[in-house]
Amino acid sequence: MASIPELYTREMHTKYQYLACWLPSTPMAPGDVGVLSGHTFRKLTTLAELGIPFTRNPDSPFANLNYSSTDCVAVAPGVRVGPTADDALCTLSVTFTRDGATLFQASDCVQETLGNLPALEAALRARHENRAWRLEYVVVTEVVRTGPTAILVAEHRGAQLDLQVSASALTNPLPVASAAANCVITRRHGIAADVLVPDGATPLFRAVQLRKRPLRPYDLVFRSDDDDFSVTEDVDEPDEPEETDMVRVTWADLGRGDATAPMDV
(Lines give C-alpha, C1' and ligand atoms only; values in the text may rest on other atoms or scores of the structure.)
Protein backbone atom coordinates (compact mmCIF):
# COMPACT_ATOMS: atom_id res chain seq x y z
CA MET A 1 0.00 0.00 0.00
CA ALA A 2 1.31 3.46 -0.91
CA SER A 3 2.45 5.70 1.94
CA ILE A 4 0.83 9.06 2.64
CA PRO A 5 3.85 11.00 1.23
CA GLU A 6 3.65 8.90 -1.94
CA LEU A 7 -0.07 9.57 -2.34
CA TYR A 8 0.34 13.30 -1.78
CA THR A 9 3.37 13.83 -4.04
CA ARG A 10 1.84 11.73 -6.82
CA GLU A 11 -1.44 13.65 -6.65
CA MET A 12 0.35 17.01 -6.85
CA HIS A 13 2.46 15.85 -9.80
CA THR A 14 -0.63 14.59 -11.63
CA LYS A 15 -2.46 17.87 -11.06
CA TYR A 16 0.29 20.46 -11.57
CA GLN A 17 3.17 18.56 -13.23
CA TYR A 18 5.41 19.71 -10.37
CA LEU A 19 7.28 17.68 -7.79
CA ALA A 20 5.93 18.30 -4.29
CA CYS A 21 7.86 18.77 -1.05
CA TRP A 22 6.49 16.61 1.74
CA LEU A 23 7.79 19.31 4.12
CA PRO A 24 6.92 22.49 2.18
CA SER A 25 8.38 24.79 4.83
CA THR A 26 11.87 23.50 3.96
CA PRO A 27 13.81 26.29 2.19
CA MET A 28 14.43 25.54 -1.47
CA ALA A 29 15.68 27.68 -4.36
CA PRO A 30 16.63 27.30 -8.03
CA GLY A 31 20.22 26.10 -8.22
CA ASP A 32 19.99 23.77 -5.22
CA VAL A 33 21.78 20.44 -5.77
CA GLY A 34 20.87 17.23 -3.98
CA VAL A 35 19.59 13.68 -4.24
CA LEU A 36 16.15 12.10 -4.30
CA SER A 37 15.11 9.30 -2.01
CA GLY A 38 11.79 8.04 -0.74
CA HIS A 39 9.84 10.76 -2.54
CA THR A 40 11.85 13.51 -0.89
CA PHE A 41 14.62 15.88 -1.99
CA ARG A 42 17.72 16.11 0.21
CA LYS A 43 19.85 19.18 -0.43
CA LEU A 44 23.61 18.71 -0.48
CA THR A 45 24.96 21.95 -1.94
CA THR A 46 24.25 24.55 -4.64
CA LEU A 47 25.51 25.34 -8.12
CA ALA A 48 27.04 28.53 -6.73
CA GLU A 49 28.97 26.65 -4.04
CA LEU A 50 30.27 24.24 -6.68
CA GLY A 51 31.38 27.10 -8.95
CA ILE A 52 29.01 26.09 -11.76
CA PRO A 53 27.76 29.16 -13.64
CA PHE A 54 24.00 29.67 -14.01
CA THR A 55 21.49 32.42 -14.62
CA ARG A 56 18.12 33.27 -13.08
CA ASN A 57 15.05 34.39 -14.98
CA PRO A 58 13.00 37.26 -13.54
CA ASP A 59 10.45 36.03 -11.05
CA SER A 60 7.08 35.46 -12.69
CA PRO A 61 3.73 36.08 -10.96
CA PHE A 62 1.76 32.85 -10.97
CA ALA A 63 -1.70 32.47 -9.48
CA ASN A 64 -3.56 31.30 -6.42
CA LEU A 65 -3.63 27.51 -6.28
CA ASN A 66 -6.70 25.78 -4.89
CA TYR A 67 -6.89 22.01 -5.20
CA SER A 68 -8.70 19.22 -3.42
CA SER A 69 -9.06 15.53 -4.22
CA THR A 70 -12.13 15.17 -6.41
CA ASP A 71 -15.34 14.62 -4.43
CA CYS A 72 -13.31 13.69 -1.34
CA VAL A 73 -12.91 16.97 0.53
CA ALA A 74 -15.53 19.29 2.01
CA VAL A 75 -14.81 22.72 3.49
CA ALA A 76 -17.77 23.97 5.53
CA PRO A 77 -18.18 27.11 7.67
CA GLY A 78 -19.82 26.63 11.02
CA VAL A 79 -21.36 28.83 13.67
CA ARG A 80 -20.21 32.27 14.76
CA VAL A 81 -18.34 32.26 18.06
CA GLY A 82 -17.33 35.89 18.66
CA PRO A 83 -19.64 38.32 20.46
CA THR A 84 -19.67 41.14 17.88
CA ALA A 85 -19.29 41.56 14.13
CA ASP A 86 -15.94 43.35 14.55
CA ASP A 87 -14.20 40.54 16.40
CA ALA A 88 -16.36 37.62 15.35
CA LEU A 89 -14.84 34.17 15.25
CA CYS A 90 -16.30 31.29 13.30
CA THR A 91 -15.71 27.59 13.01
CA LEU A 92 -14.40 26.04 9.81
CA SER A 93 -14.42 22.29 9.24
CA VAL A 94 -12.52 20.27 6.64
CA THR A 95 -13.61 16.64 6.21
CA PHE A 96 -12.20 13.87 4.01
CA THR A 97 -13.88 10.78 2.59
CA ARG A 98 -10.83 8.94 1.23
CA ASP A 99 -7.50 7.70 2.56
CA GLY A 100 -4.77 10.12 1.50
CA ALA A 101 -7.20 12.76 0.20
CA THR A 102 -5.61 16.20 -0.06
CA LEU A 103 -6.54 19.84 0.36
CA PHE A 104 -3.97 22.26 -1.08
CA GLN A 105 -4.43 26.04 -0.97
CA ALA A 106 -1.64 28.52 -1.73
CA SER A 107 -2.01 32.26 -2.37
CA ASP A 108 0.20 34.83 -4.11
CA CYS A 109 2.33 32.22 -5.86
CA VAL A 110 5.48 33.23 -7.76
CA GLN A 111 7.62 31.11 -10.11
CA GLU A 112 11.40 31.30 -9.61
CA THR A 113 13.35 29.63 -12.44
CA LEU A 114 16.85 29.06 -13.75
CA GLY A 115 17.66 30.45 -17.18
CA ASN A 116 19.73 29.13 -20.11
CA LEU A 117 19.33 25.42 -19.39
CA PRO A 118 21.37 24.36 -22.47
CA ALA A 119 24.42 26.11 -20.99
CA LEU A 120 23.79 24.38 -17.65
CA GLU A 121 23.55 21.02 -19.43
CA ALA A 122 26.93 21.62 -21.09
CA ALA A 123 28.52 22.57 -17.76
CA LEU A 124 27.17 19.47 -16.00
CA ARG A 125 28.32 17.22 -18.87
CA ALA A 126 31.82 18.64 -18.63
CA ARG A 127 31.97 18.03 -14.90
CA HIS A 128 30.63 14.49 -15.33
CA GLU A 129 33.27 13.72 -17.96
CA ASN A 130 35.88 14.94 -15.47
CA ARG A 131 34.39 12.65 -12.80
CA ALA A 132 33.25 15.65 -10.75
CA TRP A 133 29.50 15.07 -11.09
CA ARG A 134 27.56 11.95 -10.14
CA LEU A 135 24.47 10.90 -12.06
CA GLU A 136 22.52 10.65 -8.78
CA TYR A 137 22.60 14.41 -8.36
CA VAL A 138 19.63 16.55 -9.34
CA VAL A 139 19.43 20.32 -9.81
CA VAL A 140 16.38 22.32 -8.81
CA THR A 141 15.46 24.46 -11.83
CA GLU A 142 12.18 25.97 -10.62
CA VAL A 143 10.27 26.52 -7.41
CA VAL A 144 6.80 27.86 -6.71
CA ARG A 145 7.10 30.27 -3.79
CA THR A 146 3.83 31.06 -2.07
CA GLY A 147 2.16 33.38 0.37
CA PRO A 148 -0.12 31.94 3.07
CA THR A 149 -0.46 28.22 2.44
CA ALA A 150 -2.51 25.32 3.80
CA ILE A 151 -1.84 21.65 3.06
CA LEU A 152 -3.98 18.97 4.68
CA VAL A 153 -3.69 15.24 4.00
CA ALA A 154 -6.06 12.64 5.44
CA GLU A 155 -4.68 9.48 6.98
CA HIS A 156 -7.96 7.66 6.51
CA ARG A 157 -11.55 8.12 5.43
CA GLY A 158 -13.57 10.22 7.86
CA ALA A 159 -10.63 12.43 8.83
CA GLN A 160 -11.57 15.91 10.00
CA LEU A 161 -9.88 19.14 11.02
CA ASP A 162 -11.87 21.84 12.82
CA LEU A 163 -10.53 25.39 13.01
CA GLN A 164 -11.58 28.54 14.79
CA VAL A 165 -10.99 31.42 12.35
CA SER A 166 -11.90 35.07 11.87
CA ALA A 167 -15.16 35.68 10.06
CA SER A 168 -13.30 37.47 7.25
CA ALA A 169 -11.53 34.22 6.31
CA LEU A 170 -14.84 32.70 5.27
CA THR A 171 -15.25 35.25 2.46
CA ASN A 172 -11.79 34.51 1.06
CA PRO A 173 -11.62 32.13 -1.95
CA LEU A 174 -8.87 30.25 -0.07
CA PRO A 175 -10.39 30.19 3.42
CA VAL A 176 -8.05 27.68 5.05
CA ALA A 177 -4.88 29.32 3.69
CA SER A 178 -6.05 32.81 4.57
CA ALA A 179 -6.69 31.69 8.15
CA ALA A 180 -3.20 30.20 8.56
CA ALA A 181 -1.86 33.16 10.52
CA ASN A 182 -4.77 33.48 12.96
CA CYS A 183 -6.52 30.23 13.62
CA VAL A 184 -6.84 27.70 16.40
CA ILE A 185 -7.19 23.98 15.74
CA THR A 186 -10.04 22.81 17.92
CA ARG A 187 -10.35 19.24 16.66
CA ARG A 188 -7.96 17.01 14.75
CA HIS A 189 -9.03 13.49 13.83
CA GLY A 190 -7.34 11.16 11.35
CA ILE A 191 -5.15 13.85 9.78
CA ALA A 192 -1.78 12.60 8.51
CA ALA A 193 -0.39 16.08 7.87
CA ASP A 194 -1.57 19.61 8.48
CA VAL A 195 0.72 22.39 7.27
CA LEU A 196 -0.49 25.93 7.90
CA VAL A 197 2.15 28.45 6.82
CA PRO A 198 1.24 32.13 7.21
CA ASP A 199 4.48 33.53 5.74
CA GLY A 200 4.80 31.34 2.66
CA ALA A 201 6.53 28.17 1.58
CA THR A 202 8.08 26.39 -1.40
CA PRO A 203 5.72 23.42 -1.76
CA LEU A 204 6.31 22.70 -5.47
CA PHE A 205 9.46 22.43 -7.56
CA ARG A 206 10.97 21.07 -10.76
CA ALA A 207 14.37 19.47 -11.15
CA VAL A 208 16.66 18.01 -13.82
CA GLN A 209 19.19 15.22 -13.83
CA LEU A 210 21.89 13.94 -16.19
CA ARG A 211 20.97 10.52 -17.59
CA LYS A 212 22.93 8.05 -19.67
CA ARG A 213 21.78 7.90 -23.25
CA PRO A 214 20.22 4.52 -24.15
CA LEU A 215 22.73 2.22 -25.85
CA ARG A 216 21.98 1.38 -29.46
CA PRO A 217 21.63 -2.39 -29.97
CA TYR A 218 23.76 -2.28 -33.11
CA ASP A 219 25.68 -0.04 -35.52
CA LEU A 220 25.82 -0.23 -39.30
CA VAL A 221 29.51 -0.63 -40.22
CA PHE A 222 30.62 -0.36 -43.87
CA ARG A 223 33.24 -2.82 -45.16
CA SER A 224 36.02 -1.44 -47.31
CA ASP A 225 36.46 -4.48 -49.55
CA ASP A 226 33.07 -4.05 -51.18
CA ASP A 227 30.13 -1.69 -51.12
CA ASP A 228 28.11 -3.84 -48.77
CA PHE A 229 27.68 -3.37 -45.03
CA SER A 230 27.37 -5.62 -42.01
CA VAL A 231 25.65 -5.30 -38.66
CA THR A 232 27.95 -5.39 -35.64
CA GLU A 233 27.32 -5.09 -31.93
CA ASP A 234 27.81 -1.60 -30.53
CA VAL A 235 30.75 -1.74 -28.10
CA ASP A 236 31.67 1.24 -25.91
CA GLU A 237 35.28 2.28 -26.03
CA PRO A 238 36.56 2.42 -22.45
CA ASP A 239 38.24 5.81 -22.93
CA GLU A 240 35.25 7.49 -24.56
CA PRO A 241 33.22 9.90 -22.39
CA GLU A 242 29.83 8.65 -21.32
CA GLU A 243 27.01 10.08 -23.42
CA THR A 244 24.46 11.88 -21.26
CA ASP A 245 21.38 14.07 -21.62
CA MET A 246 19.76 16.41 -19.12
CA VAL A 247 16.15 15.43 -18.50
CA ARG A 248 13.37 16.60 -16.20
CA VAL A 249 12.78 14.49 -13.10
CA THR A 250 9.26 13.06 -12.77
CA TRP A 251 7.32 11.65 -9.83
CA ALA A 252 8.22 8.11 -10.89
CA ASP A 253 11.91 8.96 -10.31
CA LEU A 254 11.42 10.11 -6.73
CA GLY A 255 11.76 6.68 -5.15
CA ARG A 256 14.91 5.75 -7.06
CA GLY A 257 17.45 8.15 -5.56
CA ASP A 258 20.23 7.32 -3.12
CA ALA A 259 20.16 9.76 -0.22
CA THR A 260 23.45 8.40 1.08
CA ALA A 261 25.44 9.31 -2.03
CA PRO A 262 28.59 11.27 -1.04
CA MET A 263 29.36 14.64 -2.59
CA ASP A 264 32.76 13.86 -4.10
CA VAL A 265 33.49 17.21 -5.73
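The values are calculated or read from the model by the stated rules, or taken from the named source; none is laboratory data. Just so you know, these numbers come straight off a predicted model, no measurement behind them. Cβ placement follows ideal geometry from the backbone for every residue including glycine, while neighbour counts extend to all protein chains displayed. Only protein heavy atoms, including side chains, enter the accessible area calculation; ligands, DNA and RNA are left aside. Shrake-Rupley method; radii C 1.70, N 1.55, O 1.52, S 1.80 Å.
Numerical summary
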quantity	calculated
Exclusive hit being among the hydrophobic types (A, V, I, L, M, F, W, C) and within 17 Å of Tyr16 (Cβ to Cβ), set Ala132, Ala119, Ala106, Ala123	Ala106
Some residue of region 198-216 being within 27 Å of Asp99 (Cα to Cα) and over 16 Å from the mean Cα position of the chain (by Cα)	yes
Members of region 45-64 that are at pLDDT below 95 and open to solvent by less than 60 Å² (accessible area, probe 1.4 Å)	Ser60, Ala63
Residue match in region 180-197 (condition: modelled with pLDDT under 90, among the charged types (D, E, K, R) and out of contact with any helix residue (DSSP H, G or I) (no Cβ under 7 Å at 6 or more places or on another chain))	no
Cβ-Cβ under 6 Å pairs, at least 6 apart or on other chains, region 1-24 side under 16 Å from Phe41 (Cβ atoms) and in contact (Cβ under 8 Å) with a residue 12 or more places away in the chain, far side hydrophobic (A, V, I, L, M, F, W, C) and open to solvent by 40 Å² or more (accessible area, probe 1.4 Å)	Pro5/Trp22; Arg10/Trp251; His13/Trp251
Filter result for Pro24 (part of a loop (DSSP other than H, G, I, E, B) and surrounded by fewer than 14 Cβ atoms within 10 Å (Cβ to Cβ))	no
Cβ-Cβ under 8 Å pairs, at least 6 apart or on other chains, region 201-221 side over 30 Å from Pro148 (Cα atoms) and β-branched (Val, Ile, Thr), far side open to solvent by 10 Å² or more (accessible area, probe 1.4 Å) and at pLDDT below 55	Val221/Phe229; Val221/Ser230; Val221/Val231; Val221/Thr232
Residue among Thr55, Thr40 that alone is out of contact with any strand residue (DSSP E or B) (no Cβ under 9 Å at 6 or more places or on another chain) and touching a residue at least 40 places away in the same chain (Cβ under 8 Å)	Thr40
Any hit, region 237-260, residues being farther than 30 Å from Ala123 by Cβ, over 22 Å from the mean Cα position of the chain (by Cα) and either modelled with pLDDT under 50 or surrounded by 14 or more Cβ atoms within 10 Å (Cβ to Cβ) (or both)	no
Residues that are free of Cβ contacts under 8 Å to residues at least 60 places away in the same chain and over 25 Å from Phe205 (Cβ atoms), drawn from region 90-125	Arg98
